[in-house]
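Written below as C-alpha cells is the structure these notes are about.
The values are calculated or read from the model by the stated rules, or taken from the named source; none is laboratory data. Note that the structure is a prediction, hence the values are computed from the model and not measured. Cβ placement follows ideal geometry from the backbone for every residue including glycine, while neighbour counts extend to all protein chains displayed. Side chains included, ligands, DNA and RNA excluded: accessible areas come from the protein's heavy atoms. Shrake-Rupley method; radii C 1.70, N 1.55, O 1.52, S 1.80 Å.
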Amino acid sequence: MEAYTPYLWDLGRIAFMFAICLGLAGPLTWAERRQSAMIQDRIGPNRAALTLFGREIRAFGLFHPIADVIKLITKEDTINIHADRFLYNVAPFIALFPALMTFAVVPFGPDITVGGEVHRLQVARMDAGILVVFAISSIAVFGVTLAGYASASKFALLGGLRASAQMISYEVTMGLSVLGLVLIFGTLEPSAMVVAQGELIGGWLPRWGVFVQPLSFIIFFTAAIAENKRIPFDMAEGESEIVGYFVEYSGMKFGMFFMAEYIEITVVAGLLTTLFFGGWQVPYLMDGVEFVNAAGTTIVGTGFHFPWGGQLYTGEWVGAGLRVGAFLFKLIFLCWLQLMLRWTLPRFRYDQVMTLGWRRLLPLSLANLVLTAAVVLLI
Amino acid sequence: MSKVLDIHGSKPNEEGVTEVGHEPTTADRLYVPAIAAGLKTTIRHFFKNLIGKEKYTQTIQYPDQKVEYPERFRGMHRLVPREDGTSRCVACYMCQTACPARCIHIVAGESEDPSIEKYPVVFEIDELRCVVCGLCVEACPCDAIRMDTGYHPKPVYSREDADFGKADLLKNFGRHETEGSRRTARPPATAAGTGRVDRSSGDGGAGGATGGY
C-alpha cells in the first residue's frame, strides 16, 4: 500500500482537475443560455424537468445540459462521403485534448503537508509550466483546421482556415503579454508565480498580476478570448455566415467541439486566475506569520494578517480550504465574466480581427514588455 | 435640431445639418471604455433580472401562467337561457344581419308559447369565421347572445367541429356564473314576456350587468 500512495495522490489530483474542467463545462452551457437570457430580459431554458416521487423538479433548467448530452449521443452520426474519414473522426479529439491538458499546470491550492510529506495541489509541476501551456494550446489549432479540411465542405474549410490564422496570430500576443509577468516574478512555474503573488505592495495591495501588469492583463484576456474563438472573435464559427469548421459534424462529435469551447473557457479562467488574480491566494492570508494567542504565547503559522492591524489565526487546514475555495471562486467569477463579455460585444469583421491582433495588440504587448524589462532592470 | 439625432454630442453646422456619428476618437480606438460601458449595461440587466425585486423581464410563461383577461373581454359566444332552460333568442335575425363575417346561421320556427312568436330551430355560429367584433351582442334586442364567457373558442380537429350549435352555445355560461348558480340565476327583467330586455331596470348596455360583451 505504501508504494502506491504517491500514485493515489496523482490520481486524486487528476480527478480533481477533470472534475473542475468537465464539471464546469456542463453547467457553463446552461449558464451561457440562462445568463444571456437574463441579460436580454428573457427567461431562458427552464423546462427540462425531472419527476421524482410525483413532484416535478425543474432546478432552474439545470437538467438542460443532461438533456442536451442525451440528445447529442443518440443523434445520427453523419459523415460526408467525400470526407477523409480518419481525420474527420480524429479531429474532435485533437480539439478536445489540448483544452483538457492545459489545466494540468494550473495550481488549485497551496502545498499541503500530510503525514510529514509535502503534497502539491497541482497536477504537473514543471519548470517550464507557462511554456507548456502555450505548447499544448497551439496543438488545438490542428483539431480545428483538420476538422475544416477533412469535412470536404467549403464552409468548413473556410472556418478552419480562419481559425488557424486567428489562433496563430493571437498566440504571439498572448505569449508576449505573459513575458512581463515572467520578468517580474522571475519564474515560468505557475505555482511559484502564485506564491510570489502572495506578497503585498506597500503593505496593503496584493502583488497580483493584474495590479503589477494591468495592460498585460487586458491584452492576455483579449488574446485568450480570441484563442477560444468566441464572440467578438468568432470568425472561425460565424454562426450568421459560414457556421464554421464543425458545420458537417453531428451528434456527439459536434458535442466534443462544443465541449472543448466550454473547457477552454474554464482553462482561460484558470490561467487568468493563476497569472493575474493570485491563483489560490486569499488577500492577507499568509504563511509563517507570528500570532499571539489568548494565553499570550506566540505561534507561527497560517492566518490572516490584516494591514490595518488585525490578526486571525486559521491554521494550515482551514487556510488551505479557504485557498482552494478562493481559487474556485475566482475561476467561476472569470468564467462568468467571459460569458458576460460574449453577450455584451458585437462581432468583429475578419480584417478588424487581424488588424487588432497584429497592428494593435502585438506592438502594445512588445512595448509593455520593453517597459517592464526596463523597470525590472532598474529596480 | 432634435435631441434624438444628436447622439454623439454633434452640433448642427452653418447649414443647419447635424452630422450623426464621428470619426473614432482615441478613446473609441482603445475599445476598453466602450466595453466597460457595455458591460455596465449588461451587468445591470443581469443582476436586476437575477435578484432584483422589479425585473426587466416581462415574460408570462403561458401554459403555467395566464393573463387575467379584462372585464369586457370578448370570448366564446353563449346563448343566455330563460328560467326554463330554453334560449332567450326570438330568431329575429338581428345578429345574423349585423354580423360582418356572416358566421351566424339561424333557422326560425314558430314558438308554441303565444307570447313568444318565434324561436331558433337552428342557431349556429362558425367560430372559424367569427371576427370577434361583438356586433351580434350589440344587435340583440333580447340580450340572448353574449360573449362574456371569458375563454376562447376551443381548438377543433375539423372545420365542421367549429360550427357550434344551439345546444353547445346554451351549455356555455358567463365567467362570473358557475354551473350551480346558472340555472337559478334570474334573467334580467324582460318586457311583457317578449324576452325583450327592460333597459329601465338597469341592465346597462348590450352586455348586461354581469360582465361586458
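Using the heavy atoms of the protein chains alone and a 1.4 angstrom probe, what is the accessible area of the protein assembly as shown per residue in square angstrom?
Values: 31260 Å² over 592 residues.
Result: 53 Å² per residue.
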* Across peptide B:153-165, what mean number of C-beta atoms from other chains lies inside 10 Å of a residue's C-beta? -> 0
* To do: Can you send over the solvent-accessible area of A:Leu161, 1.4 Å probe, protein chains only, in Å² to the nearest 10?
  => 90
* Does any residue of region A:335-350 lose at least 40 Å² of accessible area with all protein chains in place compared with its chain alone, and if so which ones (probe 1.4 Å)? -> A:Trp336, A:Met340, A:Thr344
* Structure fact -> Taking trypsin sites (Lys or Arg not before Pro) as exposed when in a DSSP loop with at most 16 other Cβ atoms inside 10 Å, chain A has its longest clean stretch at A:126-348
* To do: Please give the helix A:140-150 orientation as an angle from the longest Cα principal axis of chain A, in degrees from 0 to 90, rounded to the nearest 10.
  => 10
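Listed highest first by mean packing, meaning other Cβ atoms within 10 Å per residue, what order do B:106-118, A:264-276 come in?
A:264-276, B:106-118
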* To do: Kindly compute the accessible surface that chains B and A hide from a 1.4 Å probe when together, both sides summed, and give it to the nearest 100 Å².
  => 1600
* aspartates and glutamates with Cα under 19 Å of B:Lys48, excluding same-chain neighbours fewer than 8 positions away -> A:Glu32, A:Asp41
* **Whichever lysines have a C-alpha closer than 18 Å to that of B:Lys118, once near sequence neighbours (fewer than 8 apart) are set aside** => B:Lys166
* Roughly how crowded by other chains is peptide B:56-62, in terms of the mean Cβ count from those chains within 10 Å of each of its Cβ atoms? -> 3
* Over the protein assembly as shown, what per residue volume does the convex hull of the Cα atoms give, in whole Å³? -> 321
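Per residue of B:42-53, how many C-beta atoms from partner chains lie within 10 Å of its own C-beta, taken as a mean?
For peptide B:42-53, the averaged partner shielding equals 4.
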* To do: Could you tell me which of the pairs A:Lys71/A:Lys229; B:Lys66/B:Lys171; A:Lys75/A:Lys330; A:Lys154/A:Lys229; A:Lys330/B:Lys53; B:Lys55/B:Lys154 are separated by over 30 angstrom between their Cα atoms in the structure shown?
  => A:Lys75/A:Lys330; B:Lys55/B:Lys154
* Of all the accessible heavy-atom surface of the protein assembly as shown, with the other protein chains kept in place and a 1.4 Å probe, what percent is carbon and sulfur? -> 64
